[in-house]
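**Student:** This is the structure I want to talk about, given as structure tokens.
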Amino acid sequence: ANYFSDFLQQRGANFHYKSEILELHKDLDNQETFTLKGRLPSRLPTFTTFDAVISTLPSPVLLKIEKNVLPESYRKQLSKIQYLGAQTVVYETTKPVLPRTYWLSIALPKSPWMVAVQHTNFVHARHFNNHHILYMATYTNKPLDEHLWKKRHLDIIWQHSVFIPYAQPLYTTDYHRYMPQTITPVPGLYIANMERTYPYDRGTNHAVVVGKQAAEKLSLFKRSE
Ligand SMILES: Cc1cc2nc3c(=O)[nH]c(=O)nc-3n(C[C@H](O)[C@H](O)[C@H](O)COP(=O)(O)OP(=O)(O)OC[C@H]3O[C@@H](n4cnc5c(N)ncnc54)[C@H](O)[C@@H]3O)c2cc1C
């Protein structure tokens, strides 16, 4: 990722890491361009104008931040998209938690976790300072209580848990009817998010494919004079 971002920066791309996009507007003076209201942590919001926008946000987030950009019928289409959230936790330990197993699926109704993956049974612990890495995850629409993942144990060196509100789009039987396409009804606005990987499950390979699709469409885009 660092190699790729250096490569793009040498060609004039700017990256605004850790910036949150708060609002997407049509430019007041020129209805053909977009204004993004964004904010770096603990800074005042800034406004930047763009000729075109590729949204990689989950639709529920795009619907929250867009201000009179999308036509009502398209908002209705996107509002049908549902998601599952997920909670993940990583433990760095002095000893492996699962000595011989790499991937353990957990199908117990009372377990808060669906999977435990002893990553260092796949990639050797020597790549992690001879420490062992255990990853656990589950789908949930609200964050798990801290006591379910925060553990006190002598073998634990470090632990970190994340709740992801939009982790997995739900492919319902009529999903193909409202799945967003790369091109939206708004000229200059494109979609390249996880919802575009149907009929395949979301994954990083597919994220590259939908990104390329959006870049191709954008390269053909011309504003009317
Ligand atoms: C628990 C879990 C396990 C997974 N395991 C695998 C796996 O093993 N293999 C695999 O190939 N794929 C896996 N995936 C799927 C993979 O992570 C996704 O398919 C991929 O990250 C999608 O890339 P994306 O760029 O479309 O979206 P994302 O990576 O979700 O990027 C969207 C970004 O937008 C940011 N964002 C949200 N709101 C705003 C805002 N208002 N302003 C600015 N930024 C915002 C988010 O923070 C996020 O960084 C997994 C996903 C989950 C949730």
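**Student:** With respect to Gln181, is the statement that it is assigned to a strand (DSSP E or B) and under 30 Å from Phe50 (Cα atoms) true? Please lay out each step first, then the result.
**Tutor:** Numbers: assigned to a strand (DSSP E or B): no; under 30 Å from Phe50 (Cα atoms): yes.
The answer is no for Gln181.
**Student:** Looking at the structure I just gave you, is Val123 open to solvent by 40 Å² or more (accessible area, probe 1.4 Å), part of a loop (DSSP other than H, G, I, E, B) and within 16 Å of the ligand (Cβ to nearest atom)?
**Tutor:** Here the answer is yes, as Val123 does meet what is asked.
**Student:** Arg196 - would you say it is surrounded by fewer than 16 Cβ atoms within 10 Å (Cβ to Cβ) and basic (Lys, Arg)? It would help to see each step written out before you state the result.
**Tutor:** Working: surrounded by fewer than 16 Cβ atoms within 10 Å (Cβ to Cβ): no; basic (Lys, Arg): yes.
Considered against the rule, which asks whether it is surrounded by fewer than 16 Cβ atoms within 10 Å (Cβ to Cβ) and basic (Lys, Arg), Arg196 comes out as no.
**Student:** Restricting to the range 28-67, what's the tally of residues that are within 25 Å of Tyr175 (Cα to Cα) and of a type outside the set (A, V, I, L, M)?
**Tutor:** Result for the range 28-67: 7.
**Student:** Only one of Pro41, Pro58 is within 12 Å of the ligand (Cβ to nearest atom) and either β-branched (Val, Ile, Thr) or in contact with a Lys or Arg (Cβ under 7 Å, 6 or more places away or on another chain) (or both); which? First the steps, then the outcome.
**Tutor:** Numbers: Pro58 fails: either β-branched (Val, Ile, Thr) or in contact with a Lys or Arg (Cβ under 7 Å, 6 or more places away or on another chain) (or both).
Only one candidate passes the filter, namely Pro41.
**Student:** Something else: Could you tell me which of the residues Ala86, Ala1 is within 16 Å of the ligand (Cβ to nearest atom), within 18 Å of the chain's Cα centre (by Cα) and closer than 26 Å to Asp145 by Cα?
**Tutor:** Details: Ala1 fails: closer than 26 Å to Asp145 by Cα.
The unique qualifying residue is Ala86.
**Student:** Follow-up question, since we're still on this one. Working only within the range 66-81, note down all residues that are exposed (fewer than 15 other Cβ atoms within 10 Å of the Cβ) and either modelled with pLDDT of 95 or more or of a type in the set (Lys, Arg) (or both). Walk me through it before giving the result.
**Tutor:** So in the range 66-81, the residues exposed (fewer than 15 other Cβ atoms within 10 Å of the Cβ) come out as 67-68, 71-73, 75-76, 79-80.
Hits for the range 66-81 are Lys67, Pro71, Glu72, Ser73, Arg75, Lys76, Ser79, Lys80.
**Student:** Please name all residue pairs, on different chains or six or more residues apart, with Cβ atoms under 9 Å, provided the first residue is in the range 196-225 and is over 17 Å from Thr184 (Cβ atoms) and the second residue is more than 12 Å from the ligand (Cβ to nearest atom) and open to solvent by 90 Å² or more (accessible area, probe 1.4 Å).
**Tutor:** Taking only residues 6 or more apart or on different chains, the pairs are Pro199/His176.
**Student:** So which of Asn129, Asn141 is of a type outside the set (Asp, Glu) and either closer than 24 Å to Met194 by Cβ or open to solvent by less than 60 Å² (accessible area, probe 1.4 Å) (or both)? Walk me through how you get there before you give the answer.
**Tutor:** Numbers: Asn129 fails: either closer than 24 Å to Met194 by Cβ or open to solvent by less than 60 Å² (accessible area, probe 1.4 Å) (or both).
After applying the criteria, what remains is Asn141.
**Student:** For the range 184-206, which positions are outside any strand (DSSP E or B) and either more than 13 Å from the ligand (Cβ to nearest atom) or among the aromatic types (Phe, Trp, Tyr) (or both)?
**Tutor:** Taking the range 184-206 and keeping what is outside any strand (DSSP E or B), we get 184-188, 192-206.
Thr184, Pro185, Val186, Pro187, Gly188, Tyr198, Pro199, Tyr200 - these are the residues of the range 184-206 that are outside any strand (DSSP E or B) and either more than 13 Å from the ligand (Cβ to nearest atom) or among the aromatic types (Phe, Trp, Tyr) (or both).
**Student:** Looking at (1) in contact with a Ser or Thr (Cβ under 9 Å, 6 or more places away or on another chain); (2) assigned by TED's automatic domain parsing to the domain that holds Tyr198, which is the only condition Lys76 fails?
**Tutor:** Among (1) in contact with a Ser or Thr (Cβ under 9 Å, 6 or more places away or on another chain); (2) assigned by TED's automatic domain parsing to the domain that holds Tyr198, the lone unmet condition for Lys76 is (1).
**Student:** Do you know which residues across the range 24-63 are open to solvent by 70 Å² or more (accessible area, probe 1.4 Å) and either assigned by TED's automatic domain parsing to the domain that holds Ile164 or assigned to a loop (DSSP other than H, G, I, E, B) (or both)?
**Tutor:** Of everything in the range 24-63, those that are open to solvent by 70 Å² or more (accessible area, probe 1.4 Å) and either assigned by TED's automatic domain parsing to the domain that holds Ile164 or assigned to a loop (DSSP other than H, G, I, E, B) (or both) turn out to be Leu28, Asp29, Gln31, Pro41, Ser42, Arg43, Leu44, Asp51, Thr56.
**Student:** Quick check on the range 209-218. Is at least one of its residues farther than 25 Å from Lys64 by Cβ and open to solvent by 80 Å² or more (accessible area, probe 1.4 Å)?
**Tutor:** There is at least one residue in the range 209-218 that is farther than 25 Å from Lys64 by Cβ and open to solvent by 80 Å² or more (accessible area, probe 1.4 Å).
**Student:** If only one of Lys110, Lys95 is at pLDDT 95 or above, open to solvent by 90 Å² or more (accessible area, probe 1.4 Å) and farther than 30 Å from Leu62 by Cα, which one is it? Explain how you work it out, then say what you get.
**Tutor:** Details: Lys110 fails: at pLDDT 95 or above.
Criteria check complete, one pass: Lys95.
The values are calculated or read from the model by the stated rules, or taken from the named source; none is laboratory data. Values in this document were obtained by computation on a predicted structure and should not be read as measured data. Here Cβ is always computed from backbone atoms with ideal geometry, including for glycine, and neighbour counts include all displayed protein chains. Keep in mind that these areas ignore ligands, DNA and RNA; they rest on the heavy atoms of the full protein, side chains included. Shrake-Rupley method; radii C 1.70, N 1.55, O 1.52, S 1.80 Å.
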